[in-house]
1. Note down all Cβ pairs under 8 Å where the first residue falls in the range 364-375 and is on the phi > 0 side of the Ramachandran plot, the second is open to solvent by 40 Å² or more (accessible area, probe 1.4 Å), and they're at least six residues apart or on different chains.
2. Looking at (1) farther than 23 Å from C196 by Cα; (2) touching a residue at least 24 places away in the same chain (Cβ under 8 Å); (3) part of a helix (DSSP H, G or I), find the lone condition where E330 falls short.
3. Could you say whether any residue in the range 182-194 is touching a residue at least 40 places away in the same chain (Cβ under 8 Å), over 26 Å from L416 (Cα atoms) and either touching a Cys at 6+ places or on another chain (Cβ under 7 Å) or not acidic (D, E) (or both)?
4. Can you pull out every residue in the range 400-428 that is open to solvent by 40 Å² or more (accessible area, probe 1.4 Å) and over 27 Å from E482 (Cβ atoms)?
5. Could we say that L354 is in contact with a helix residue (DSSP H, G or I) (Cβ under 6 Å, 6 or more places away or on another chain) and either open to solvent by less than 60 Å² (accessible area, probe 1.4 Å) or within 25 Å of Q305 (Cα to Cα) (or both) here?
6. Go through the residues of the range 229-238 one by one and say whether even a single one is among the polar types (S, T, N, Q) and within 27 Å of the chain's Cα centre (by Cα).
7. If only one of L300, L285 is within 30 Å of E330 (Cα to Cα), open to solvent by less than 10 Å² (accessible area, probe 1.4 Å), among the hydrophobic types (A, V, I, L, M, F, W, C) and assigned to a loop (DSSP other than H, G, I, E, B), which one is it?
8. Condition test on S371, is it surrounded by fewer than 19 Cβ atoms within 10 Å (Cβ to Cβ), hydroxyl-bearing (S, T, Y) and either touching a helix residue (DSSP H, G or I) at 6+ places or on another chain (Cβ under 6 Å) or at pLDDT 95 or above (or both)?
Amino acid sequence: MAYYSSERISPAYVETPAAEFATGDMVEVTPAEFNPKRILRTRAAKMQKMVPSGTEAKHSDEWDLTPLEEDSEEVHRKKVSEPRSKKKVVGKKNAEDILSDSGEEPPLLKAKRPLKGSGPKPKKRQAPLTDNAGLFDEQPRKKKRQRAPKPEPVYDIPEVERKETTFRGRLGYACLNTVLRNKKPADEAIFCSRTCRIDTIKKNGIEWVKDLGRRNIEDMLKIIEWNEENNIRFMRMSSEMFPFASHEVYGYSLDYCAPLLAKVGALANKCGHRLTVHPGQFTQLGSPKDSVVKASIRELEYHTQMLKLMGIGPDGVMIIHGGGVYGDKEATLARIRKTIKEDLPKEVSDRLVLENDELCYNAADLLPICSELDVPLVFDYHHDMLNPSPDLPPSEIIRRANLVFARRGIKPKQHLSEPRKGAVTIMERRAHADRCQKLPKDLSDDMDLMIEAKDKEQAVLHLYRIYNLQPVIRASLRPPAEIHPEGTKGRKSNRKTRFKKINVGEVEAPDTDAETLEMGIDIEGARSQSSTVCPKLTL
């Protein structure tokens, strides 16, 4: 039962005759007499929104409400404070309905959990500001969990065709060991060709580049150990062992790595391994530009210093090609002769060896310089097949080359490679096959043969099995690739076009070597004026 003053209740809200209302009279009203959907409010309650602040409204004399009005107003405030976007749940009564039906106070509603990510973020714990606060920074970080090495897969190694030979020399491979390079995880890979760009030198500094060289030479120790276990005692070291060591601006001496180089050389000498180097094709001793010749000499000096610090004997030679012809082969040969005789330091010329190539200089072109200056010639069988010497068979070339080797006290050395299966044009036949399938007939019995093949040490082990040259550890074998691509990996090919124009007049280049010889096109002179390397005929 609730009592209300008649002055505070509008007749519109109560179903009672207006005559019964007298000024100052009290009327007995039950909750059922009210409209269940309406709430009794005073005029002051209707003006709630006009109150300046909640604090002033609480203490205002106008808010002299009865207990039921206070309860209704409290529910009203809660309802107003809720966001408008919140939808009312169908089938559930609100607080006003419960109050209107029973006249009792509504039960307390459970508080909802705040949404994830809302609310204040927890503060990070900070180390106490004491004298021992520095100990928190010295605590070691948790090491990353290393993955366990995967077990080596079991390879299916096919059988090989057995052959006979009188050769008993050493077989070697160039620069990279595929078994060690492909070790998993990748941070355990072993190789000696870590390099960078000049922009990286500018960013990280020269000491960072020197550390690359140190890591390369450290891995060289592991490669020599692997070679010894697998009876391979001949190898060509990577020219990228010390990146940019011969650069005019960013070059550096190898003295910082002398103890480690000496350690590698001592291991190679102890095991009887022969180590050689082959500077890149940009080493052009016959260039008409002095800057190119000086850069070439610096490159040779860098390789010489590396071999010297390793303590490698005279068998550790440096092999280079003749280079470009620059429009006049005889003039270029004269410059090569002059550079070797007059410009090269003696310790550099003592290790220098020339090699016939497949485009510019065959063995007949280089033998006169080799005989005159006592510079040995490394005979390459693959190059001689593509660019043969007229009226000079391989056996005669090898005989004359070995005379110079003997005078210099250096063990003879030759190169062997094969073109890829299915190669037709000269540019396709230049690319090396994955492995060699036979040794040449004119091979000397006691000399060193460098196998230039894509499978590196696997090509050597393959020949070991064919000719029974050395015992082979089966766990070191890897199967050959099932697919042998004929592509040249960047080298130009004319598979789709039969003829292409060259830079001399309107002459067109044929797509076969036989047609080239029949037409009498001067391959060397085709791009003579602008090329700084050997001019190549686009076939």
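The values are calculated or read from the model by the stated rules, or taken from the named source; none is laboratory data. Quantities reported herein were computed from a predicted structural model and do not represent experimental measurements. In this analysis, Cβ positions are derived from the backbone assuming ideal geometry, glycine residues included, and neighbour counts consider all displayed protein chains. Each accessible area value is taken on the protein alone, full model and side chains, heavy atoms only, with ligands, DNA and RNA left out. Shrake-Rupley method; radii C 1.70, N 1.55, O 1.52, S 1.80 Å.
1. Hits for this filter: D374/R407; D374/R408.
2. (2)
3. yes
4. The answer is R400, N402, L403, A406, R407, R408, G409, K411.
5. Yes; evaluated as a whole, the condition is true for this residue.
6. Taking every residue of the range 229-238 in turn, at least one turns out to be among the polar types (S, T, N, Q) and within 27 Å of the chain's Cα centre (by Cα).
7. L285
8. yes
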